[in-house]
Amino acid sequence: MTTTPAPIRCLIVDDEPLAHQVLSQFIGQTPGLTLAGKCRNAMEAYEYLAQQPVDLMFLDIEMPLVTGLHFLKSLQQPPKTILTTAYREYAYEGYELDVLDYLLKPFSYERFMKAISRLPATQPAPPADADAEKYLLVKERQGLLKVPHSDIVYVEGCKDYVKITTAIKTYLLHQTMKEMTEVLGRPFLRVHRSFIVAAAHIRMLQPDNVLLQDSTLVPIGSSYRAELLAFFKK
């Protein structure tokens, strides 16, 4: 007789309602995870964990009264923890505390799943709607906007941000090019250290550039040329 593993109990500790909404959605659509509780600050989390231990904690860093890092340091037996923050500078200190991963807000569901996969002996099953359209979450004034992968023409690196260009609009996202390459995957191609393009939007390969369907020219980096040619020869 096959037994079903118990779901991984998750706790959200964050003072932002929007973060609660996004994490609740991601946890809810991931088989093997269940949302055990939500706390708005470290004091609420202390009380919750004293009564109901959890398997995994999503912990914000910048919170009022007690920061997430101070809270984590104070726990004698902390649960497995994934830090969620808008501030990249805390990454080193977070990893010194042996956290599973460091999610930089705003993050996509694909990046969330990569963090979950770091759980020991845990490989979450793909969601039931794995064939549904993939998307990025981009922070706008009104909230988080879904930008489908299929709408993206190319991505350009701009220091600590990436500029996502679609046919009708551009968006800024606080992520690295390396992270975007992992999140988007195929059929997106890294053609330059500062550019990722959607294969479907490529009209022509030139010696030093990629010509897109809208006549945009994107430079080809010398270290990416061989992989790009190999992709199209297939």
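The values are calculated or read from the model by the stated rules, or taken from the named source; none is laboratory data. No experiment lies behind these values; they were computed from the predicted model shown. FYI the Cβ positions are ideal-geometry reconstructions off the backbone, even for glycines, and counts take in every protein chain you see. When the accessible area is computed, the model is the full protein with side chains, heavy atoms only, and any ligands, DNA or RNA have been set aside. Shrake-Rupley method; radii C 1.70, N 1.55, O 1.52, S 1.80 Å.
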Residue check for Leu172: open to solvent by 80 Å² or more (accessible area, probe 1.4 Å), without any contact (Cβ under 8 Å) to a residue 40 or more places away in the chain and in contact with a Phe, Trp or Tyr (Cβ under 9 Å, 6 or more places away or on another chain): yes
Qualifying position, being modelled with pLDDT of 75 or more and out of contact with any strand residue (DSSP E or B) (no Cβ under 7 Å at 6 or more places or on another chain), among Tyr109, Tyr154, Tyr87: Tyr109
Within the range 37-50, tally of residues that are at pLDDT below 85 and within 21 Å of Pro17 (Cβ to Cβ): 0
Subset of the range 184-234 that is basic (Lys, Arg) and farther than 19 Å from Thr166 by Cα - its residue that is most open to solvent (accessible area, probe 1.4 Å): Lys234
Filtered residue count, the range 38-54, keeping only those that are over 30 Å from Glu140 (Cβ atoms), part of a loop (DSSP other than H, G, I, E, B) and not hydrophobic (A, V, I, L, M, F, W, C): 2
Count of the range 103-117 residues which are surrounded by fewer than 18 Cβ atoms within 10 Å (Cβ to Cβ) and of a type in the set (D, E, K, R): 2
Selected residue (only one of Ala132, Ala125, Ala121 is modelled with pLDDT under 80 and on the phi > 0 side of the Ramachandran plot): Ala121
Criterion: assigned to a strand (DSSP E or B), touching a residue at least 24 places away in the same chain (Cβ under 8 Å) and open to solvent by 30 Å² or more (accessible area, probe 1.4 Å) - qualifying residue of Leu59, Leu35, Leu11, Leu18: Leu35
Residue count, the range 38-50 (criterion: open to solvent by less than 50 Å² (accessible area, probe 1.4 Å) and over 17 Å from Arg9 (Cβ atoms)): 2
Residue in the range 51-73 that is among the β-branched types (Val, Ile, Thr), modelled with pLDDT under 90, farther than 12 Å from Cys10 by Cβ and out of contact with any helix residue (DSSP H, G or I) (no Cβ under 7 Å at 6 or more places or on another chain) present: yes
Qualifying residue in the range 63-82 (condition: within 16 Å of the chain's Cα centre (by Cα) and of a type outside the set (Phe, Trp, Tyr)): yes
